[in-house]
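Rule-based calculations on the coordinates, nothing more; no lab input. Since the model is a prediction, treat every value here as computed from it, not as a measurement. Neighbour counts run over all protein chains shown; Cβ positions are idealised from the backbone, glycine included.
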Amino acid sequence: MSRRGESKRFILSVVGRIFDPIGILGPFAIKLKCLLQELWTLGVEWDSELPPKLRHKWQQWSSETEGLTEIKIPLFYLGDIDQEISKFEIHCFSDASKSAYGTILYLQFVTCNNEIETSFICSKGRVAPLKSLTLPRLELTAALLSARLAKQVSSCLKFDANMYYWTDSLISYYWIRGDSSAFKPYVKNRVQEIQSLSDPIQWGYCRATLLISFPEILAFKQNERLRSSSEIKSLVPYLDENSLLRLTGWLLEQDLCFGEKHPVILPRRCKFTELLVIRERDRIGHCGNFDPTSEKILDT
């Protein structure tokens, strides 16, 4: 990606050249759109030099484009499956932040041998409006985007699929499952449309397990020091580019690969961690008494 100009005009031209109809690059492209919104908010002139902070964001985004050629996502849904499929499901996830909101859809199918496969369908993201909205309202707007996109996708399918919608906002979940007439106009209008596009029964609450189990993630993101009461402070954790907690510390001098030197720290008493450890135990033929929930660190 050329850095020629590094002006608002040039960045706008880059945004206009991104052709991504099904949203494969959605999480990547939305960063640039958020940057462009910041430029508009600050009143930066079309050809003026970018402020140092925003120039750093632009250069960081530009450097990440080199890795796009390594992204490979199959554009066929059923892959090489040669077994009869007993059930199709579409899972729609929505989420929001103060900067942006979006949704992503996956097709999941189950074979007659109870094998489960998942395929990416599409995603869509939007920059949060300049008019300040509370996070629950942005989460609800993301849920509406999810319902709209799911309706478009389902109308194109040549097979029946069960629809499932997921949000990590408990407030939005109760709004969608509630009586829309009891809410104020902004919430009421969006809940009514969501309920017209989907059945409230299809909506589920997806807990943000990592943030609940590891308040350290939020501390790192806000450049705060870890509290002395932190259970993992002695592990000298750090937050990687994917917002995963990894270990630094006592494995650095070993002749190991990156994933072995810096294993991901997973929460205890978590079903995902338990299933992951069980899978790895079965894969390597581990035997004997073993309590998956007692594991604190697992290298995947």
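In terms of its C-alpha gyration tensor, segment 59-147 has an oblate overall shape, because the principal axis ratio a/c (a ≥ b ≥ c, square roots of the eigenvalues) is not below 1.5 and a/b does not outweigh b/c. Estimated purely from DSSP H runs of n ≥ 4, each contributing -39500 (n - 2.57), the mean residue ellipticity at 222 nm for the chain is -11500 deg cm²/dmol once divided by its residues. Between Ile116 and Asp199, residue separation times 0.36 nm minus the direct Cα-Cα distance comes to 27.4 nm.
For Gln152 and Asp20, what does the FRET efficiency come to when R0 = 25 Å and r is the distance between their Cβ atoms, rounded to the nearest 0.05? Provide the component values of the computation, followed by the final result.
On the way: r = 16 Å, r/R0 = 0.65.
Once the sixth-power term is evaluated, E becomes 0.95.
Lysine pairs in segment 125-284 whose alpha-carbon atoms fall under 29 angstrom of each other, counting only those eight or more residues apart or on distinct chains, come to 12. Let's test the formula: R0 of 22 Å, r as the Cβ-Cβ distance of Glu224 and Phe10. What FRET efficiency results, to the nearest 0.05? With R0 = 22 Å, the Cβ-Cβ based efficiency is 0.05.
Give me the dipole magnitude in Debye, nearest 20, for segment 86-150 about the Cα centre, with unit charges on the beta carbon: positive for Lys and Arg, negative for Asp and Glu.
480 debye
What fraction of the DSSP beta bridges in segment 61-200 is antiparallel, stated in percent and rounded to the nearest 5? If you can, show how the numbers build up before the last one.
Details: 22 of 28 bridges.
Given both bridge residues lie in segment 61-200, the antiparallel proportion sits at roughly 80 percent.
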